[in-house]
1. Can you tell me the relative contact order of region 151-255? Whole percent, Cα pairs under 8 Å, sequence separation 6 or more.
2. Run the numbers for R130 and K292: contour at 0.36 nm per residue of separation, minus the present Cα-Cα distance, in nm.
3. Looking only at Cα atoms, what is the convex hull volume of region 272-429 per residue, in Å³?
4. If you scale each eigenvalue of the Cα gyration tensor by 5 and take the root, what three semi-axes come out for region 183-266, rounded to whole angstrom and sorted largest first?
5. Could you check how much of the accessible area of region 378-426 is carbon and sulfur, as a whole percent, using a 1.4 Å probe?
6. With respect to the cross-link table entries K193/K268; K199/K446; K249/K424, which display a Cα-Cα separation exceeding 27 Å?
7. Using a Förster radius of 22 Å, what is the FRET efficiency between D259 and N443 based on their Cβ-Cβ separation? Nearest 0.05, please.
8. Just to confirm my numbers, what's the Cα centroid distance between region 402-417 and region 237-304 in Å?
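The values are calculated or read from the model by the stated rules, or taken from the named source; none is laboratory data. Quantities reported herein were computed from a predicted structural model and do not represent experimental measurements. Backbone-built Cβ (ideal geometry, glycine too); neighbour counts: all protein chains shown. Remember, those area values only see protein heavy atoms, side chains included, never the ligands or the DNA or RNA. Shrake-Rupley method; radii C 1.70, N 1.55, O 1.52, S 1.80 Å.
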Amino acid sequence: MFTCDICGQDGLSEPDMKIHILIAHDENECSCPFCSLDGINYDELMVHIDISHNETEPIHNGNLTGCRKEAVYPCPICSLVFASCQILQEHVDLHLAENRPEEFLLADRQLAQKLQEEEERLRRLNEAKREQVEFQKLQMQYGLDNQGGYKQQAFQNMERAVERGQMNPAEYHRRRAAIMESLALGEDDGRTKTSGLIKALNEYYQRCGTEVRRVFLCAETNHYHASIGDKGWGCGYRNLQMLLSSFMKIEQFKHHLHDMMVIPSIPKLQSMIEETWKRGFDPQGAAHFKNKLQGTRAWIGATEIYSLLTFLRVKCRIIDFHRPTGPGGTHPQLFEWIKQYFSSGRDTGLTLHPRVIWTNKTPIYLQHQGHSRTIVGIEERNNGSLCLLIFDPGSHCEAMQKLLLHDMNAGHLKMIRRFIGSMKHKQYQIVAVDGFLSVEEKNARKQASAVLTAEKVP
């Protein structure tokens, strides 16, 4: 049996004690067992005792038994004893929670729901901040190294080749003169170019590739790989050259870009991007590079490609596949987006074979952490899977020229095929061309580039 330490009532069972505390003391007025204070509720009584009588031994069986240096407070419901009235109150509240009215339980559930919603809001906020940081890393990861630009690197590498006996002095001077002429004209020297690849792929799929249900190919596009002047940092420029080469094969773009009759060299592309910044495009990117690319080995990314194309009034979009959307860190939505790009629109091209669609679309610039490449097509295979066809600036022209062989086989395609399982970088960005801009649209996009963002998928 239990005795109430507040009022002294005894002979109570544990259930009776709970009800007694709830009715007599939790909801009604109480009196202090140590002084004449009354007319207060249970919570106020506990605070009063803790403040005014903290040196007094708690009452037991309704009687004061004296004073101690340290007070103890037994629970009126169970046998536990506490050194603080406040702790006792919290403990008794746990007992009383078993008999709380339904509205209190509802309030608890509402509070729990609010806490959960706040936690979810904070999670989404942190996720958005993380994605923004990753986006900025992807855009701004390549800085300046103060080691000189294309020309200096080319000459240094040739000098080392002469020292190692890999190049004779006559060849060195001939190559040096050719580089100086190319730089003066602003034209790529074509030494790393491979042409006719899309036509060769079209012919291959017409006679082979029975494992492929359909294949979509972009307009004819040259492949460019890194040279002695840009090895290690020039992939963005080389992919830009690939994209520009496709423009020269499409009649509408040739007419629109009539002033660009040749593929610019890397230093020329650097100066063109600098001019884009001077005209007010992407001020944040310009500030990052300190408004200078010429004479540096700074890497460029999707933002610089987008800004230059917009300056040229080429309509394009940056799509940010900011997180994996499939099992094992894969990006099936990236593959589906690219399939939709090549298979839709007025310029899907002619179906020259039941499984070959050679479109009039430009290739797609693809970037991930540390590298960039060019997507020139996509396979839809018999088992329903998708496979990208990619030109990599890291592939040397000697390897790419194997795709021009009449007896080219599936083994040769390994260098350009990329299945979903092999594309597992955390984040990918693409720049996709979608026509032309009016002068008004160009100016509007210039204003919007003050805070340049990408379209996110998903």
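1. Averaging sequence separation for qualifying contacts and normalising by length gives 27 percent for region 151-255.
2. Numbers: separation 162, 0.36 × 162 = 58.32 nm, distance 2.87 nm.
Result for the pair: 55.5 nm of gain on full extension.
3. In region 272-429, the Cα convex hull volume per residue is 149 Å³.
4. Values: eigenvalues 147, 61, 19 Å².
Square roots of five times the eigenvalues give 27, 17, 10 Å.
5. Carbon and sulfur together cover 52 percent of it.
6. Going by Cα-Cα distance, K199/K446; K249/K424 fall outside the 27 Å limit.
7. Details: r = 20 Å, r/R0 = 0.89.
Approximately 0.65, to the nearest 0.05.
8. Between the Cα centres of region 402-417 and region 237-304 lies a distance of 31 Å.
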